[in-house]
Amino acid sequence: MAEAEEAAAAAAAGAAEWPEVRLAVSERRRELVLRGPELEERVRAGGLDPGLWRLPLLQHLELGAGLRQLPAELCGLAQLRSLVLRSNRLAGLPAELGRLQALHSLDVSGNQLQALPAGLGLLQQLSSLNLSANRLRQLPPGLGRCLRLSSLNVSGNQLQALPADLFQPGLTLLSTIAASSNLIPELPPGVRHLTALRTLDLSNNKLTEIPYELAECPKLKEINFKGNSLKDKRLEKMVNGCQTKSILDYLKSGGRGKGKGKTDSAEKTENREKARKKKKALKKDDDEESDGMEELNKLVVRVLHVSESPSSVFVKVTPNIKDVRPYIVCCIVEGMNLRPGNALKRFLIAQTKLHDDDCQKRTLATIATHDLNLVKGPLLYDARPSQSLKITPLGRKEIKAADLVRQLQMEADEQRKQKKRQNISGLHKYLQLLNGKENFPCLVDAEDHVISFPPITNSDKTKIRKTTCQLFLEVTSSSTLQTCKNVMDCLIVRMAELNKFTFENQEQESVSDDETEVSNEKMEEPGSVNLTSIKMASPELIVKQVRVVDVEGNLKVVYPAKTDLNVDVHNVTVIR
């Protein structure tokens, strides 16, 4: 027994020597980020440093070290406003969690949680809750008491229902609910009480109906019900191919979703009579459009293998990158029409949204898009000294990478001060991924120009324009290779959706003076085609594989492989 106590004391003493914690104590830090393989080894050897729980001023804490459990002492950090525990191995959270009364943001995504403490509902200041990618079968009662809650993400669990108290009057700030890939059979009619709701994602669940009350949410702008088997087959087609407004108008005007939750029998009879009168007129239109709509709703993505699309663009990975940012996947996309109207703007907005959501503010993965005609292959994915690495960032002049990071850090600090924010900003989060790194990751072309500096920026020299017709896509991560593939899958599906929207709306084509000059220059190249004279004939995208190899030429990964782009989206057809 004495030996065990001595061993525990020795482990605690070793853990207390963490230099990051000592520095945080001496500088009276309000923010602390502890992630990485080295920290995992420390945790396995001696557990977390007990000094962590003696930082009374700490407001942001991020731990990513393969944690399997958390001590109750964590809940003594009374000033903590932001707690990030994503991508660990946690099977549970401390029962005392409700003591963190200052907590605004909690992220425990990517763990192994099967249940949550009841005290979660005691977090009166909680505004953002991310529980995605766990094993939860139900959420604890009392979430409805978190009156400041504005964002809830429970995607990728095994939930069989959303808590009823989420749909009661009172949650006047709840603007985002992400609950895709669960087992939810029903959306309660009480959804109409969510007056601030702007985004609702219930894709890939077990829904059979959509309540008409959803149309009563005054601020709703984006919904996703794809991957559900709805009884109303016309509505099912609409959720797979129509805009949010069309779907809400359909529900409002008497679609089959209307009536779920109605209790007044006279009103039901009246609605039934109206529906009967409309049925005859609708049937003809429905029959005529059904065949065409079925085809129109299909987003076609055609995959060309390396043997079918010989290219000088491949990526060679050096051993230097292993301890910095080891994972990368790339591909080439053709057929994306960025010329008409706001097509390019929509694409850039979609990329930003993917960075915020799927990439978790760029901390999980980073996307970079390039104009393939401006990329000189083959490419080298390397890690180089921060003081000598140079890049021309988007919209800026050439600068050393270390100076750019310092400059961005100062800009982010200044922005936070102006907004009087206490918690860490999104920009701060992904900048901190480079803390303590002597070498920075970079993608370099055949002329030794840096075209990408993840997770910070890509080069202005290869940026996409309205005239871009071939895109080189790149996703990098320090997490896993599968993370890169998942993000790339999402990006390509979103591109297919945007291309279909552009095709259907046939916006006015527009080219600025500098873009016309670029286009004319490309016209002089052998085999180039004058895109200004071509109308978009099809929304089909062509995805060409890109190989990633080691320095000896051995294949590391090729994307998309047979197991990639197997997306569970009804309106996407992948031809290989």
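The values are calculated or read from the model by the stated rules, or taken from the named source; none is laboratory data. Everything numeric here is computed off the predicted structure, so don't read it as measured data. Quick reminder, even Gly has a Cβ in these numbers, built from the backbone with ideal geometry, and neighbours come from all protein chains shown.
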Checked pairs for the stretch 431-450, first assigned by TED's automatic domain parsing to the domain that holds Asp323 and of a type in the set (Gly, Ala, Ser), second surrounded by 13 or more Cβ atoms within 10 Å (Cβ to Cβ) and in a loop (DSSP other than H, G, I, E, B), C-beta under 7 Å and 6 or more apart or across chains, list as Ala446/Lys376; Ala446/Gly377; Ala446/Pro378
Which of the residues that make up the stretch 453-480 are of a type in the set (Gly, Ala, Ser) and under 25 Å from Asn499 (Cα atoms)? Ser459
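Just give me the residues in the stretch 219-237 being touching a strand residue (DSSP E or B) at 6+ places or on another chain (Cβ under 6 Å) and polar (S, T, N, Q), in sequence order. Break it down stepwise before answering.
In the first step, residues of the stretch 219-237 are kept if they are touching a strand residue (DSSP E or B) at 6+ places or on another chain (Cβ under 6 Å); the result is 222-224.
Asn224, the sole residue that qualifies.
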Please go through (1) under 23 Å from the mean Cα position of the chain (by Cα); (2) surrounded by 18 or more Cβ atoms within 10 Å (Cβ to Cβ); (3) not acidic (Asp, Glu) for Ala383 and return the number of the only condition it doesn't satisfy. (1)
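Please tell me if Glu216 is charged (D, E, K, R), closer than 27 Å to Ala133 by Cα and surrounded by fewer than 18 Cβ atoms within 10 Å (Cβ to Cβ). Steps first, answer last, please.
Numbers: charged (D, E, K, R): yes; closer than 27 Å to Ala133 by Cα: no; surrounded by fewer than 18 Cβ atoms within 10 Å (Cβ to Cβ): yes.
The answer is no for Glu216.
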Please enumerate the residues belonging to the stretch 204-219 that are touching a Gly at 6+ places or on another chain (Cβ under 7 Å) and closer than 14 Å to Leu235 by Cα. Glu209, Ile210, Pro211, Tyr212
Asn204 fails exactly one of the following numbered conditions: (1) touching a residue at least 12 places away in the same chain (Cβ under 8 Å); (2) within 24 Å of the chain's Cα centre (by Cα); (3) within 20 Å of Leu498 (Cα to Cα). What is the number of that condition? (3)
State whether one or more residues within the stretch 449-468 are at pLDDT below 90 and either among the aromatic types (Phe, Trp, Tyr) or more than 23 Å from the chain's Cα centre (by Cα) (or both). no
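Do you know which of the residues in the stretch 403-413 that are surrounded by fewer than 17 Cβ atoms within 10 Å (Cβ to Cβ) and under 18 Å from Gly436 (Cβ atoms) is farthest from the chain's Cα centre (by Cα)? Full working, then the answer.
The initial filter retains those residues of the stretch 403-413 that are surrounded by fewer than 17 Cβ atoms within 10 Å (Cβ to Cβ), namely 403, 406-407, 409-411, 413.
Imposing the further condition that a residue be under 18 Å from Gly436 (Cβ atoms) reduces the set to 403, 406, 409.
Working: Asp403: 28, Arg406: 26, Gln409: 23 Å.
So, considering only residues that are surrounded by fewer than 17 Cβ atoms within 10 Å (Cβ to Cβ) and under 18 Å from Gly436 (Cβ atoms), the one farthest from the chain's Cα centre (by Cα) is Asp403.
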